[in-house]
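See structure below.
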DNA sequence: CATGACACCTGCTCGC
DNA sequence: TGCGAGCAGGTGTCAT
């Protein structure tokens, strides 16, 4: 579920709690979320290690351990992470790390669509190479975006394709395309230079504002401190079908024509 | 290579 | 009130 701003918020919240913490114990409550490893091997690799760095790549949280291994958490639809001072019973807890006097890190995931990976430096290199550029890094320019926008697929699909561009999901794709005044079904490769520039500005702008708002909570998303985000109150189109467009006043529409995902748009000013 | 269908899961909401 | 259908912000795989 969480997109870039949500995972960025979680990473920022967890960073002061986790950086330098030693992993004293590992509890895997739901083994099915561990991919390409077993609970026993996973626990063996983590126990006794220190967490050196807490970071984010695309929509994924990354814990770099002091031996260079990386624990990658993909929360997907309903995953959430937070640190608590003491253990609390939770039917949806999937993984718990005991951090001694630094408390407990809990990964909870109601639908259990999330994934946790343990990657060597070499496998991490392969992993990150498959993901597109980070839209909030300085190196992300309109030219970078233009490279992601090739082909005849819908521009909305293109910006949500994590190999082309990292971190944008359904909510922010809808918002960015509305901000840029671009029809989401337009072929990605057919945008003009000015439209690419507008979309670049919109993507960067909406992601920055959403990070400042600590993410969007529609249902399940919680920050790293267990609270809802605030950006849901500032969405211009997502979830607002039938309501007036904030630019032109026409009724916003909802379709599922692109990849069967909810697409919200203003039929008047996105055409 | 691009695209579409589907699978993975559970909970919530809506309509009857 | 109760029940089934449909829907949900993501990603990987497989067939075409």
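Taking segment A:142-265 on its own, what percent of its Cα-Cα pair distances exceed 20 Å? Working shown, then result.
On the way: 3241 of 7626 pairs.
For segment A:142-265, the share of Cα pairs beyond 20 Å comes to 42 percent.
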**Item:** Average Cα contact separation per residue, chain A, under 8 Å, 6 or more apart, as relative contact order %
**Value:** 19 percent
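When ranked by the protection proxy of mean other Cβ atoms within 10 Å per residue, highest first, what sequence do the peptides A:155-167, A:133-145 form?
Numbers: A:155-167: 21.6, A:133-145: 15.4.
Top of the packing list down: A:155-167, A:133-145.
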**Request:** Just need the relative contact order of segment A:69-146 here, percent rounded to a whole number, with Cα pairs under 8 Å and 6+ apart.
**Result:** 36 percent
**Message:** Compute the angle between helix A:4-18 and the longest alpha-carbon principal axis of chain A, please, reported from 0 to 90 degrees and rounded to the nearest 10.
**Reply:** 20 degrees
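Would you kindly work out the equivalent ellipsoid of segment A:4-129 from its C-alpha gyration tensor and give its semi-axes, the square roots of five times the eigenvalues, largest first in whole Å? Walk me through the numbers on the way to the answer.
On the way: eigenvalues 67, 56, 49 Å².
They are 18, 17, 16 Å, listed from largest to smallest.
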**Request:** Choose one answer from A:256, A:200, A:104: the residue with the largest mean-square fluctuation in a GNM of chain A with alpha-carbon springs under 10 Å.
**Result:** A:256
**Asked** Between segment A:43-77 and segment A:215-271, what's the alpha-carbon centroid distance in Å?
**Response** 31 Å
**Prompt:** Most mobile of A:22, A:247, A:108 per a Gaussian network model of chain A (Cα springs, under 10 Å)?
**Reply:** A:247
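What are the semi-axes of the equivalent ellipsoid of chain A, taken as the square roots of 5 times the eigenvalues of the Cα gyration tensor, listed largest first and rounded to whole Å?
So the three semi-axes of chain A are 36, 20, 15 Å.
Out of the DSSP beta bridges found with both residues in chain A, what percent are antiparallel (nearest 5)? Don't skip to the end; give the middle numbers.
Details: 36 of 37 bridges.
Restricted to chain A, the bridges split so that about 95 percent are antiparallel.
Readers should treat all values here as calculations from the given coordinates under stated rules, not as data from a laboratory. Given the structure is predicted, the values throughout are model-derived calculations rather than measurements. Backbone-built Cβ (ideal geometry, glycine too); neighbour counts: all protein chains shown.
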